[in-house]
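Structure, as structure tokens:
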Amino acid sequence: MSDTLPGDDRLPRYRRVFDALLDSVVAGCWQPGDRLPSEQSLAEQYGVAPGTVRQAISNLVHDGVLERRQGRGTFVRQPNFTSAMFRFFRFESAGGEALYPSARILSCVRVPPPPAVAEQLGISGRASAIHLSRLRLIGEAPVLAESIWLPYSLFKPLLKVAPDGWGPLLYPLYQELCGQVIAHAEETLTFGWCDPETADLLNVAPKTPAISIERLAGGYDGTPLEWRRTLGRAEKFRYRTEIR
């Protein structure tokens, strides 16, 4: 076998395969949901043993970049954040049926980020960011207010989206227009109250008790891509866990 493996030859070969596969995912050579070539094909491509490829893939599966599907092969994992927020907030009809809020973008502007946001996103305080203000509604009643920050250099196509072109989910739009895939996120939950601006959006009195959920989301390679804060009335909050 010829050695066609990229990377630093001082590193273990499985690590070089790991890096090469990760680079391909980050670069968009394989999109979320795409199936990778077989381990044998990759071994021939990189000039390594199939076991070396298998070890690299196992590590990428462990890191949440890839997933194995029994009898079908290895795929780029498609993260699903659709219902994540509603683990913490419960909205129900009068009959007890679960209700899921719609989304409305109130503004999308290019502005300097606050220092704390710039630090979270790993961008210079002098660099621009895109700020989205979004409201979640049940019918016409506002229930969640969201402040979303994105690096301008990576997400500037969003500034051209028409008011009616956003749709209910942002992450598919990030991928389609900007080539940025949200692969993982960390959330921090705190208790507080509604500031005057949020209170106005939610049609409640200032200092109404609120739950704040801060999310830092990143790409497959760990690059920070989005910081957001979601505020909702504390009375709609729930926490559920199972202890065995």
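The values are calculated or read from the model by the stated rules, or taken from the named source; none is laboratory data. The structure displayed is predicted, hence computed values, not measured ones. So basically every Cβ, Gly included, is an ideal-geometry build from the backbone, and we count neighbours across all protein chains shown. In case anyone asks, the SASA skips ligands and DNA or RNA and just uses the protein heavy atoms, side chains included. Shrake-Rupley method; radii C 1.70, N 1.55, O 1.52, S 1.80 Å.
Answer with one residue from W166, N203, V181: the one whose Cα lies farthest towards the positive end of the charge dipole of the chain, charges on Cβ with Lys, Arg +1 and Asp, Glu -1. The one lying farthest along the dipole's positive direction is N203. The simple Förster model, with R0 at 25 Å and r as the Cβ-Cβ distance, assigns Q120 and L189 a FRET efficiency of 0.95.
If the segment from C29 to R110 were pulled out straight at 0.36 nm per residue, it would be longer than the present Cα-Cα gap by 26.2 nm.
Along segment 202-219 the Karplus relation, 6.51 cos²θ - 1.76 cosθ + 1.60 evaluated at θ = phi - 60°, assigns HN-Hα couplings of 8, 6, 10, 6, x, 6, 5, x, 9, 10, 10, 10, 9, 10, 10, 10, x, x Hz to successive residues, with x for each Gly and Pro. Spacing of the modelled spin labels on Q175 and A234, each 7 Å from Cα toward Cβ, amounts to 3.8 nm.
Converting phi to 3J(HN,Hα) with the Karplus coefficients 6.51, -1.76 and 1.60 and the offset θ = phi - 60°, segment 72-80 yields 10, x, 10, 10, 6, 5, 9, x, 10 Hz in sequence order, with x at every glycine or proline.
Here is the list for segment 180-244: GluC sites (Glu not before Pro) lying in DSSP coil, each with at most 11 other C-beta atoms within 10 angstrom of its C-beta, are E242.
Here's how it looks for L144: its modeled amide H is under 5 Å from those of R136, which are all 5 or more places away or on a different chain.
In this structure segment 68-222 gives 55 Å² per residue of accessible area when probed at 1.4 Å with all protein chains present. Between S133 and D9, the simple spin-label model (points 7 angstrom out along Cα→Cβ) gives 5.9 nm.
Considering only L154, C108, C29, the residue lying farthest towards the positive end of the dipole of the chain is C108, judged by Cα position with unit charges set on Cβ. Measuring nothing but how far apart in sequence close Cα pairs (under 8 Å, 6+ apart) lie, relative to its length, the chain scores a relative contact order of 16 percent. About its Cα centre, the chain has a charge dipole of approximately 320 debye under the convention of +1 per Lys or Arg Cβ and -1 per Asp or Glu Cβ, with nothing else charged.
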